[in-house]
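The values are calculated or read from the model by the stated rules, or taken from the named source; none is laboratory data. Note that the structure is predicted; figures quoted are calculated from it, not measured. As a convention, Cβ positions derive from the backbone with ideal geometry for all residues, glycine included, and neighbour counts pool all protein chains shown.
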Amino acid sequence: MNSQKKFIVSHAPFQHNGSSIEQRSYNIILATLPAILLGLFHYGAPALGVICLSISSAIFWELAMNRISKRPITIGDGNSAMVGIIFAMLLPATTPWWAVITGTFVAIVIGKEIFGGIGSNAFNPAALSVLILILSWKNLFDFDQALLNYNFDFVAVYPLGALKHFGVDAIDTFNILDLFLGRQIGGIGSTFGLGLILGGGYLILRGFIRWEIPLSFLLGISITALLFNISEPARFVGPGFHLFTGYTLIGAFFLATEDSSSPVNTLPMLLYGLGGGIMTVLIRNIGVYIDGVLYAILVMNMVSPLLDKIRPKAIGKVV
Amino acid sequence: MVSSKELKLAYGLAIILFIVGFLSYAAFSSKAPLQPVRIMFQGVAGKVLFDHQTHLGVSGYGIACIDCHHELEDDETATPESCSACHEAESEEEDTPNRTDALHNQCIGCHQDFEAGPTECAFCHIM
C-alpha cells in the first residue's frame, strides 16, 4: 500500500547512450566517409585538399579561440574537426584555399565560439558559414562554373540549377537512380544519396542523432514537393528529384540534426524537421535561391528554442 | 573532460591534414586543360554554359575544330585560339565583331542550320 516508489521525478527529456562527446564527433566523421569517398573518386586530389585543409583549419581556429579567450583547450572533443568535415562536404572540389580557411573561421569563430563553444551555438556552424560565403562570393558556389574542367560520364550540370534556370523540361536528362548513386555534380560530400543515407542510418542506430528530425525533414520535402507537382506538373518537379539533389540528404542527416541548434522534445523535433522540409521546397520552387536547404535549416534553428516550449505538462502544481 | 590522448589525436589530425591539404593544393592546382571540357561564357544577359566536349566529340555532335575556330582556315596546323583572343567585349571593327555578336552568330547560326537546339534566350542564358 505505502509503496516507496509513489512519486518519481526525473529530468526530462534527456537521453544518454553512454558515449562521450569525442565518440559522438568521431562517429559522425566516420558516418560522413561513404559520401566523401565517392566525392574523392569523382573529384580526386583537389577534393582531398579541400577536406584536409577544412578539418585542420577548423581545429586551428578553435585552438586559437581557446588561447585568445584563455579558456580550456577544447579541440580534443573532435567537434571542430566534425564541423570542418561537414563544411568541406558542402563545398565544390575546386574551392580556393583562402575560401576554405575563411569558411572554417566563420563556422568555428562566428558560428560557434562566440556563442560560448560547443552546445551553445544557436545555428548550425557549417550551414551558417556556407551561407555567409555564398552571400559574400556567390560564384564560389556556382557548381557548374566551379567544376568546368572535370570530364564526367554523367550529366555535368548542377540539377537544381538546371531546374531553376531552365524549368522542368530541362531535367529530363537526369535519372533518379543516377542522382541517388551520386552521379551528379555538387558539393564534395553532398551528392551521394546512398552514402548519406547509410551514414545517417548508422548515426540513428547508434543513437548519435534522433530519427525524428531527418524523417520529418524528408517527409516535409516530399509532401510539399508532391503538392506543388500535383498542382502544376509543368512547372514543379516531383518529390524524388528534390530528395536526391542539392543539400537535401546532407541537410536531413548531418545539418538539421546538429545537437545544440535543434529541439530535444519529440513533437518539437517533428515540427522542426517538417518546417525545414516545407521551407526548403518553398524556397526551391518559388524563391529566388537555387537550393533552400541551408536557409530553411537556419530559420528552423532560430525557431528551435520556441518549439521546445512545447513540452509535457509538469506533474503537480505550485501552491 | 577531454583526455590528453584525445587532445593529442586532435593535434595530430590538425598537423597531418594540414600537410596533406597543403600538398594537395600545391601539387594538384586545377589548371584548365588545353582543350576545354565545358566553358562558361560570362555575359550581361546572364551566363551561358557551353559543353565544348559534346560539340566536339565523335560521340557528341562531331563538329570539326575549323567549323568554329575559323582562324584555322589560314593555318590548319595551328592550335585553336580562345574566341576572346580576337573578339573583344567591346569592338568597333567591322571585320572582327565583338564577343557577344561573334558568339551569337556562331551558336545561333549553327543551331539554325541544323534546326536543332535552343531557340529562346533563356534556353542558353542563365537569367
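Would you confirm, using the coordinates I've provided, whether A:R67 is part of a loop (DSSP other than H, G, I, E, B), assigned by TED's automatic domain parsing to the domain that holds A:L33 and closer than 18 Å to B:Y11 by Cα?
No: the conditions fail for A:R67.
Pick from segment B:4-57 the residues that are hydroxyl-bearing (S, T, Y) and facing chain A (nearest Cβ under 7 Å): which of them is nearest to B:A116 (Cα to Cα)?
Here the answer is B:S30.
What number of residues within segment B:59-75 satisfy the criterion of being hydroxyl-bearing (S, T, Y) and either out of contact with any helix residue (DSSP H, G or I) (no Cβ under 8 Å at 6 or more places or on another chain) or loosely packed, with under 13 Cβ neighbours inside 10 Å (or both)?
Here the count works out to 1.
If you take the residues of segment A:173-210 that are assigned to a loop (DSSP other than H, G, I, E, B) and more than 21 Å from A:G246 (Cα to Cα), which of them is nearest to the chain's Cα centre (by Cα)?
A:I209
For B:A78, all conditions in the list (1) assigned to a loop (DSSP other than H, G, I, E, B); (2) touching a helix residue (DSSP H, G or I) at 6+ places or on another chain (Cβ under 7 Å); (3) within 14 Å of chain A (Cβ to nearest Cβ); (4) small (G, A, S) hold save one; what is the number of the exception?
Checking B:A78 against (1) assigned to a loop (DSSP other than H, G, I, E, B); (2) touching a helix residue (DSSP H, G or I) at 6+ places or on another chain (Cβ under 7 Å); (3) within 14 Å of chain A (Cβ to nearest Cβ); (4) small (G, A, S), the one that fails is (3).
Could you go through segment A:289-310 and let me know if any residue there is assigned to a loop (DSSP other than H, G, I, E, B) and under 15 Å from the mean Cα position of the chain (by Cα).
Yes, that holds for at least one residue.
Tell me whether segment A:237-255 contains one or more residues that are hydroxyl-bearing (S, T, Y) and surrounded by fewer than 19 Cβ atoms within 10 Å (Cβ to Cβ).
Looking through segment A:237-255, none of the residues is hydroxyl-bearing (S, T, Y) and surrounded by fewer than 19 Cβ atoms within 10 Å (Cβ to Cβ).
In this structure, does A:F254 turn out to be under 16 Å from the mean Cα position of the chain (by Cα) and under 25 Å from A:L135 (Cβ atoms)?
Yes, satisfied.
Hey, can you tell me all the residues within segment B:72-97 that are within 19 Å of the chain's Cα centre (by Cα) and not acidic (D, E)?
B:T79, B:P80, B:S82, B:C83, B:S84, B:A85, B:C86, B:H87, B:A89
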